[in-house]
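J.: Just dropping this structure here.
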Amino acid sequence: MTVRIGVIGTGMIGEEHSRRISQQLTGGEITAVTDVNQEQAQTMVDRLSLDAKVYDNGLELIQAEHVDAVMVTSWGPTHEEYVLAAIQAGKYVFCEKPLATTAQGCRNIIDAEIEAGKRRVQVGFMRRYDSGYQLMKEAIEANRLGEPLMIHAAHRNPTVPERYVTPMAIHDTLIHELDTFRWLLNDDYATAQVIFPRKTRHAHGKVEDPQIILLETTQGVRIDVEVFVNCQYGYDIQCDVVGEEGIAHLPEPQSLTLRQAGQRSNEILQDWKKRFGEAFDVELQAFIDGAASDTVGGPSSWDGYAAAIASDACVKAQESGQIEKIEMPERPAFYA
Ligand code: NAI
Ligand code: NAD
Ligand code: ISE
């Protein structure tokens, strides 16, 4: 069965994902698209030579008979409404992070999914599909490091646009780590604190950059993450898990070592598109295969909710300068 997919939001990642589905992956077809900027939706259809209808809005697209599954790649504040509508229409939905911009928004989605009685949502936390992070998880679960004690991590982007403001370091950027570490450690967060080092001269006025986020899990693992979104030199994701008997280091992306002109060098990638390209492939193929076989796995609405609760606490910690508590409600059996 070919899964007929409707795309809401044809911006940067919407087009990336649509290109993958139509040109690289198997079992899926883009049959419908929409964007608040209709011209942009039509441009994507033309550029990718899609046989897809352009809809006036996301809610109409979700209802369309020739749409089996929905991909939400519009701006974060629009996600909740579309995911709720897809659940109500009984359609599988892949939603880019964040699932919703508030924890309450995620809770509304969880309540709707439970009431509908079936898992419908896969959240776009693609790092879980990255082969490097998967190796780290395998090592932790096989107890090759002993018990994990600490994580040192960094999330660096070369630059960010003017619309990127201080809280986005948490809910747009750190949100990936907030999901990844819960998954790696099989644990939840207990507290968060944010520290602002000296500001880089490359950051514009509305963003504090860099930031250091200190997290503590319920089992006492301590985590420090440097978020530095104007680091200039590249897109660089670092992670070390320190255990009682060893350390797991996130593999660097494969790159040619060049010996030339008295230098030995390796390329550093410049954006998330290439850094997590293979992870996006695996993530979306899993969604298509899941929809085709009437089931969905991977990061759930509950994971989206957990990341949102931690993210809210980190934003609070940015503002208060204090250590903030993170309280996770009990996980419903539905998401066990
Ligand atoms: P973008 O701004 O390039 O694209 C968003 C698109 O959504 C725009 O074309 C906009 O016109 C459209 N849109 C906005 N509201 C809409 C609505 N109500 N209905 C239909 N279309 C609407 O943004 P980008 O960078 O593609 O990000 C989109 C989403 O993807 C965000 O949630 C972002 O957090 C996520 N993202 C995830 C990444 C990852 O690593 N997983 C990387 C980059 C983005
Ligand atoms: P973008 O601004 O390039 O694209 C968003 C698109 O959504 C725009 O074309 C906009 O017109 C459209 N849009 C906005 N509201 C809409 C609505 N109500 N209905 C239909 N279309 C609407 O943004 P982007 O960089 O592509 O990011 C989109 C989403 O993807 C965000 O949630 C972002 O967090 C996420 N994202 C994830 C990753 C990742 O690494 N997983 C990377 C980039 C972006
Ligand atoms: C972007 O939205 C992403 O999701 C990228 O993965 C992240 O590195 C970047 O900081 C975000 O802005």
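The values are calculated or read from the model by the stated rules, or taken from the named source; none is laboratory data. Keep in mind that this is a model prediction, so the values were computed, not measured. Every residue, glycine among them, receives a Cβ derived from its backbone with ideal geometry; neighbour counts consider all protein chains shown.
J.: Counting just the residues of the stretch 232-242 that are farther than 25 Å from N143 by Cβ and over 20 Å from the mean Cα position of the chain (by Cα), which one comes out surrounded by the most Cβ atoms within 10 Å (Cβ to Cβ)?
T.: That would be Q232.
J.: Find all pairs meeting these conditions: Cβ atoms under 6 angstrom apart; at least six residues apart or on different chains; first residue within the stretch 41-54 and under 14 Å from E16 (Cα atoms) and assigned by TED's automatic domain parsing to the domain that holds E65; second residue β-branched (V, I, T) and modelled with pLDDT under 95.
T.: none
J.: Exactly one of these conditions fails for T217: (1) surrounded by 20 or more Cβ atoms within 10 Å (Cβ to Cβ); (2) over 27 Å from S300 (Cβ atoms). Give me its number.
T.: (2)
J.: Is it the case that Q88 is at pLDDT 95 or above and within 10 Å of ligand 1 (Cβ to nearest atom)?
T.: Answer is no for this residue.
J.: Can you tell which of I5, I21 is away from ligand 1 (no atom under 12 Å from the Cβ), within 20 Å of T78 (Cα to Cα) and among the hydrophobic types (A, V, I, L, M, F, W, C)?
T.: Of I5, I21, the one residue that is away from ligand 1 (no atom under 12 Å from the Cβ), within 20 Å of T78 (Cα to Cα) and among the hydrophobic types (A, V, I, L, M, F, W, C) is I5.
J.: Hey, another quick one. Listed residues T200, T180, T191; which is more than 16 Å from ligand 1 (Cβ to nearest atom), out of contact with any strand residue (DSSP E or B) (no Cβ under 6 Å at 6 or more places or on another chain) and either at pLDDT below 95 or closer than 21 Å to V315 by Cα (or both)?
T.: Going through T200, T180, T191 in turn, just one is more than 16 Å from ligand 1 (Cβ to nearest atom), out of contact with any strand residue (DSSP E or B) (no Cβ under 6 Å at 6 or more places or on another chain) and either at pLDDT below 95 or closer than 21 Å to V315 by Cα (or both): T200.
J.: Just name the residue that is farthest from S18 (Cα to Cα) out of those in the stretch 72-90 that are within 16 Å of ligand 3 (Cβ to nearest atom) and out of contact with any helix residue (DSSP H, G or I) (no Cβ under 6 Å at 6 or more places or on another chain).
T.: P77
J.: Being surrounded by fewer than 19 Cβ atoms within 10 Å (Cβ to Cβ), within 16 Å of ligand 3 (Cβ to nearest atom) and outside any loop (DSSP other than H, G, I, E, B) is the filter here; which residues of the stretch 1-43 pass it?
T.: M12, I13, E16, R20
J.: Could you please let me know if V282 is touching a Pro at 6+ places or on another chain (Cβ under 6 Å) and closer than 21 Å to L99 by Cβ?
T.: Spelling it out, it is not the case that V282 is touching a Pro at 6+ places or on another chain (Cβ under 6 Å) and closer than 21 Å to L99 by Cβ.
J.: Within the stretch 58-79, track down each residue that is over 15 Å from G28 (Cβ atoms), part of a loop (DSSP other than H, G, I, E, B) and of a type in the set (S, T, N, Q).
T.: S74, the sole residue that qualifies.
J.: Among the listed residues R119, R128, R163, which satisfies the condition of being surrounded by 18 or more Cβ atoms within 10 Å (Cβ to Cβ) and either assigned to a helix (DSSP H, G or I) or within 16 Å of ligand 3 (Cβ to nearest atom) (or both)?
T.: R128
J.: Among residues belonging to the stretch 95-116 that are assigned to a helix (DSSP H, G or I) and either within 14 Å of ligand 1 (Cβ to nearest atom) or not assigned by TED's automatic domain parsing to the domain that holds I8 (or both), point out the one that is surrounded by the most Cβ atoms within 10 Å (Cβ to Cβ).
T.: C106
J.: Among the candidates E244, E208, E216, single out the residue that is more than 16 Å from ligand 1 (Cβ to nearest atom) and touching a Gly at 6+ places or on another chain (Cβ under 6 Å).
T.: E244
J.: Sticking with this structure for a sec: State whether one or more residues within the stretch 239-260 are of a type in the set (K, R), over 13 Å from E177 (Cβ atoms) and without any contact (Cβ under 8 Å) to a residue 24 or more places away in the chain.
T.: Within the stretch 239-260, one or more residues are of a type in the set (K, R), over 13 Å from E177 (Cβ atoms) and without any contact (Cβ under 8 Å) to a residue 24 or more places away in the chain.
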